[in-house]
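The values are calculated or read from the model by the stated rules, or taken from the named source; none is laboratory data. From a predicted model like this one, the values you see are computed outputs, not experimental measurements. Cβ: placed from backbone, ideal geometry, glycine included. Neighbour counts: every protein chain shown.
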């Protein structure tokens, strides 16, 4: 029986039974594979690191989408950086009041491959009339675009790898430049129990640009090592200080079909464990 | 550049008819040629594996980064000792997994670390504090080995001169690393290259065993790996011990280690030296005061580069049915440089322009360090499992 062992850490790691390899490529100095696993469904790995699985992707995508959108309450324009698998897009499309969704992906091949091999991630969202795909480097796009957005979601790969430019102070500054007043930037920020340095450096770099900067978390089984952190950066401190009744009302009005998100969890996600809080002092 | 006088290489004079298979090869592929025999790589891997049972063999790619060599060793089950991002690219192409590798270059740029991590290689070797500091951002992802230096002035290449911390310093470095949150998982050493005797290995194993046990008894973190490096000799000439007798005392020394310590080695030369044969052609002849000079189409700027960099004395084979009359002979490469001489002080029968000269045991540090000097093309590399190669 074939196995796929993650090579993220020297001291430990997770390993999957590979029931069938669906797609594999060794191009552009990268090794990308999509395989089937009996528990996690289709699993995509890049350079020895699990990127997404069909079984637990909803936790990640719902956290990174519904928390900023419902905290804001009046989102018309959304920018997704990365996110080529279409999972974030699928969740954003569930919000009826959103008028336009721009996704900036560096390589159209990622989108094409995901449509073919991870169709449940996008679930038809690539055909949504509000959606526009831009093929560009996300860091370059936010530096040059004249457009502005209410929410920016950075759904990047690891900072050790192609996503490196999406963790720089310049990138965060440019995101702020194209946020509407009161808008919010959220980013994938790794697993702090194992990658505390990533959290610390993001905090240092985002603080420079935003009046309010913190993290919220969710536990995604295949991002091993405890909860995953998402950075939260906005000039409007009230966005994450809403009371439960307001969030509940917005959630009910939005009529979202979700499996992870709840209004209670939304507020609770910002309650950080001590070992993460100590890095934010 | 001044030429350096070299000891005479071992020379074999074979019957002219035996040149036939080499002649056919250059008729098909051109001259000069370097012929790699994967069967000999497999044989060397098996013999070292038998001589060092239980020791993980990490082939030092630098010895011969040819794709066929690396692929053959991957098929044998070897792991890999890498030092550069270029070597990582080669392994990616052959689909070797990163967790099957150790990055052993003691001096790294940040990009080298990141490239290795992206490839999935999480084991690294360092030998000083500045290098340890470079791993702070990656401390939870990596396992680090400390390279300890055991000077070996008797080896042709003293690998402990350029790299390695002193044994006295090793424990303190490991402690400093631990304070920075960096896990030191063991020690590595390089006893030398083409070692004439195993005493440097056994001495280093004994000293490292002491260090490991002392460290594990006195610290909360436990070390779990000893990397005994390379240096396993090949018989360029008759004086070399066979691998079984060379390794027997090392095996004994390794018994000093507690059972949970994993042992790995980084053989380069031993796995590949015997597996390549150079075939070149006489392109010029001149009688000079010091003897008869033959100018070949390959030399020290090409496949015979190890004559300079590696101090290797490759056995030479010539073909003639006239064995009674021989001449003092010098063999030179084709470039304009006077250092380009790969055999001196030999006595061989007369050769003619167009005759062949075969260099044997030319698989290690040959094509790896060949240059394009004078824009002479490098020897073409082909594979053959014919016993002649």
### Query
So how many residues does segment B:107-118 have that are crowded, with 20+ Cβ neighbours inside 10 Å and either within 12 Å of another protein chain (Cβ to nearest Cβ) or more than 11 Å from residue B:85 (Cβ to Cβ) (or both)?
5
### Query
Is it the case that residue A:150 is part of a loop (DSSP other than H, G, I, E, B), surrounded by 15 or more Cβ atoms within 10 Å (Cβ to Cβ) and in the same structural domain as residue A:238 (by TED's automatic domain parsing)?
no
## Note on the structure
Checked against (1) away from every other protein chain (no Cβ under 14 Å); (2) modelled with pLDDT under 95; (3) over 20 Å from the mean Cα position of the chain (by Cα); (4) over 30 Å from residue B:318 (Cα atoms), residue B:53 satisfies every condition except (2)
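Is it true that residue A:161 is under 30 Å from residue B:137 (Cβ atoms) and at pLDDT below 95?
So residue A:161 passes the test.
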### Task
Evaluate segment A:86-93: report whether one residue or more is out of contact with any helix residue (DSSP H, G or I) (no Cβ under 8 Å at 6 or more places or on another chain) and in the same structural domain as residue A:229 (by TED's automatic domain parsing).
no
### Task
Find the helices (runs of 4 or more DSSP H) located wholly in segment B:84-196 whose residues include 2 or more that are closer than 18 Å to residue A:10 by Cα, and list them.
B:110-119, B:129-133, B:167-179
### First in segment B:230-257 and assigned by TED's automatic domain parsing to the domain that holds residue B:359, second anywhere and at pLDDT 95 or above and surrounded by fewer than 20 Cβ atoms within 10 Å (Cβ to Cβ), Cβ under 8 Å, 6 or more apart
none
#### Entry: Qualifying positions in segment B:206-227 - under 24 Å from residue B:192 (Cβ atoms), assigned to a helix (DSSP H, G or I) and touching a strand residue (DSSP E or B) at 6+ places or on another chain (Cβ under 9 Å)
B:207, B:208, B:209, B:211, B:212
#### Entry: Matching entry among A:87, A:83 (being away from chain B (no Cβ under 14 Å) and on the phi > 0 side of the Ramachandran plot)
A:83
### Query
For segment B:271-332, which strands (runs of 3 or more DSSP E) that fit wholly inside it have 3 or more residues that are surrounded by fewer than 24 Cβ atoms within 10 Å (Cβ to Cβ) and without any contact (Cβ under 8 Å) to a residue 60 or more places away in the chain?
B:276-288, B:291-296, B:327-332
### Summary
residue A:134 passes all but one of the listed conditions (1) under 24 Å from residue A:29 (Cα atoms); (2) part of a helix (DSSP H, G or I); (3) more than 14 Å from every other protein chain (Cβ to nearest Cβ); the exception is number (2)
### Message
Out of the residues in segment B:123-139 meeting the condition of being crowded, with 20+ Cβ neighbours inside 10 Å and at pLDDT below 95, tell me which one is nearest to the other protein chains (Cβ to nearest Cβ).
### Response
B:138
### Message
residue A:69 - would you say it is in contact with a helix residue (DSSP H, G or I) (Cβ under 6 Å, 6 or more places away or on another chain), in contact (Cβ under 8 Å) with a residue 60 or more places away in the chain and more than 14 Å from chain B (Cβ to nearest Cβ)?
### Response
no
### Task
Check residue B:244 against each of (1) over 30 Å from residue B:184 (Cα atoms); (2) in contact with a helix residue (DSSP H, G or I) (Cβ under 8 Å, 6 or more places away or on another chain); (3) surrounded by 14 or more Cβ atoms within 10 Å (Cβ to Cβ) and name the one condition it does not meet.
(3)
### Summary
Scanning segment B:67-95 residue by residue, those touching a residue at least 40 places away in the same chain (Cβ under 8 Å) and either crowded, with 21+ Cβ neighbours inside 10 Å or within 14 Å of chain A (Cβ to nearest Cβ) (or both) turn out to be B:69, B:73, B:78, B:79, B:81
